[in-house]
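I have placed the structure first, in the form of structure tokens, so that the comments after it can refer back to it.
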């Protein structure tokens, strides 16, 4: 999951610049085919780190890369 999330953050940053925001939904297809991973990402995003719905991709990438 970490590798996927970092890759998606990097893609968004490359495409739209360092100020681009995203939500944890960006890490998943528009299907509910990985509900356990989706819930894990939601818990990390909402409960553990109390992030807003949209956060800067750079911030999220750096948090994930540092193991937070």
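The values are calculated or read from the model by the stated rules, or taken from the named source; none is laboratory data. These numbers come from a predicted model, not from an experiment. Cβ placement follows ideal geometry from the backbone for every residue including glycine, while neighbour counts extend to all protein chains displayed.
Some notes on this structure:
- Condition broken by residue 27, with the remaining ones in (1) at pLDDT 95 or above; (2) in contact with a helix residue (DSSP H, G or I) (Cβ under 6 Å, 6 or more places away or on another chain); (3) surrounded by 16 or more Cβ atoms within 10 Å (Cβ to Cβ) satisfied: (1)
- Any chance residue 28 is touching a residue at least 24 places away in the same chain (Cβ under 8 Å) and within 11 Å of the chain's Cα centre (by Cα): no
- Number of the exception - residue 36 against (1) touching a strand residue (DSSP E or B) at 6+ places or on another chain (Cβ under 7 Å); (2) at pLDDT below 95: (1)
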